[in-house]
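Only one structure is covered here, and it is reproduced in the block below.
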Amino acid sequence: MMSLDRNESYWMLDDELVAATGGSKDAQELSTYPDYNELKKALAQYAGVAPENVLVTPGSDAAIEHIARAYTGGGGEALLPVPTFYGYESILERVGAKTVPIAYEEHEGRFISPLAKTLEALASGTAKVLFLCHPNNPLGVPLSKEDISALAAAARGSSVLIVSDEAYFEFSSGTSFLPHLSELPNLVVIRTLSKAFALSGARVGYAIAAPDIIQKLTKLMLPWSIAHSSVTAALALLAHAEKVKSRREAVIDARGHFAKALQVFPGITVYPSETNFVLVRVPGAVQVRDELLKQGVRVALGEPMSRFPEAKVLLKDTLRIAIPAPADATTVISILTHLFTA
């Protein structure tokens, strides 16, 4: 089964990188609790911040949940541009937050961030947190530099916590909220090693914020929630960051070729993406999804990713497809060619 529905990295680590992440051969390591200080230092160096600005979490979704619980639990208001990563909706519902959806718009085959509506909602003064998915999952689109500057300006002096979920940062053009960290004590940037570093199974995420926010979130963390083996793998790949960068560039190149190949099919809209997946709108998306599954390829249906009507409208008849490795991409295109010409 070719699973292109979960945005994992389908570009497997080569033998050198796999060897570098090798399992523990140290009995003491297996018998003792892990220490995260070296990983914090390595992540801080990679991100260009100080270790005291970093919180290591078991996946970036854990960071999202801790933030939601700390700042919106029990009825706090969360601003949520939608569609977005489906985990936000379930997490915010679970902690009892009041979620205020702000819908993206579509214009001439591109998704447009709801900047004006978001700034208006921030100015109302009732929100506790603004959750931004940048680049957006499932839409694939990043915020522009102008959007980030405007949101950062609105956040200055505000009590609203600004959360930028940058899980797909490495696949994007590089715009980030991180340069605003020193001026925004109410900013949290969330990243992960699941995507560009191909460590989804290791569950290593991290949050970057001012030390007081890191300390607040640390109090909600269970101790030793990331295994020794995951720490070892993360440290090994961070030490090979340049090689990981070349792999990332290969994915970006393949994304362009894959999108171009999809565009030849009649009736398909392929949306611009700065992630490791593409979103496509295709007539009869459910049937296309089902036919691909019969041929051993799983892709994700867009519409069920949100419960908000304004998001469902944007995601109607869409499929989210992770960028396959070149050989697998050929297989997917071949299946679709047969499907559309049958």
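The values are calculated or read from the model by the stated rules, or taken from the named source; none is laboratory data. The structure displayed is predicted, hence computed values, not measured ones. Here the Cβ positions follow ideal geometry from the backbone for every residue, glycine too, while neighbour counts run over all protein chains shown.
The single condition from (1) within 30 Å of His338 (Cα to Cα); (2) of a type in the set (Val, Ile, Thr); (3) surrounded by fewer than 18 Cβ atoms within 10 Å (Cβ to Cβ) that Thr275 fails is (3).
The C-beta contact set for the range 65-81 (first residue within 19 Å of Asn136 (Cβ to Cβ), second residue among the acidic types (Asp, Glu), distance under 8 angstrom, 6+ apart or interchain) comprises Leu80/Glu89. For the range 171-202, the set of residues classified as of a type in the set (D, E, K, R) and either buried (at least 23 other Cβ atoms within 10 Å of the Cβ) or not assigned by TED's automatic domain parsing to the domain that holds Arg156 (or both) consists of Arg191, Lys195, listed by residue number. Please verify whether Gly125 is under 21 Å from Pro272 (Cβ atoms) and assigned to a loop (DSSP other than H, G, I, E, B), treating the condition exactly as stated. Judged against the criteria, Gly125 is not a match.
Being over 27 Å from Val299 (Cα atoms), buried (at least 17 other Cβ atoms within 10 Å of the Cβ) and modelled with pLDDT under 95 is the requirement here; does Thr21 meet it?
On the way: over 27 Å from Val299 (Cα atoms): yes; buried (at least 17 other Cβ atoms within 10 Å of the Cβ): yes; modelled with pLDDT under 95: yes.
Answer is yes for this residue.
For Ser159, the criteria (1) surrounded by 21 or more Cβ atoms within 10 Å (Cβ to Cβ); (2) within 22 Å of Ala68 (Cα to Cα) hold in every case but one, which is (1). Might you check whether a residue that is out of contact with any helix residue (DSSP H, G or I) (no Cβ under 9 Å at 6 or more places or on another chain) and polar (S, T, N, Q) occurs anywhere in the range 231-239? Checking the range 231-239: not a single residue is out of contact with any helix residue (DSSP H, G or I) (no Cβ under 9 Å at 6 or more places or on another chain) and polar (S, T, N, Q).
Screening Val270 with (1) under 19 Å from Val251 (Cα atoms); (2) in contact (Cβ under 8 Å) with a residue 12 or more places away in the chain gives one miss only, at (2). Checking Glu106 against (1) outside any strand (DSSP E or B); (2) surrounded by fewer than 18 Cβ atoms within 10 Å (Cβ to Cβ), only one condition comes out false. Which one? Result: Glu106 passes all but (1).
Just one of the listed residues (Ala259, Ala250) is without any contact (Cβ under 8 Å) to a residue 24 or more places away in the chain, within 21 Å of the chain's Cα centre (by Cα) and surrounded by fewer than 21 Cβ atoms within 10 Å (Cβ to Cβ), namely Ala259. Leu222 passes every criterion in (1) buried (at least 16 other Cβ atoms within 10 Å of the Cβ); (2) part of a loop (DSSP other than H, G, I, E, B) apart from (1).
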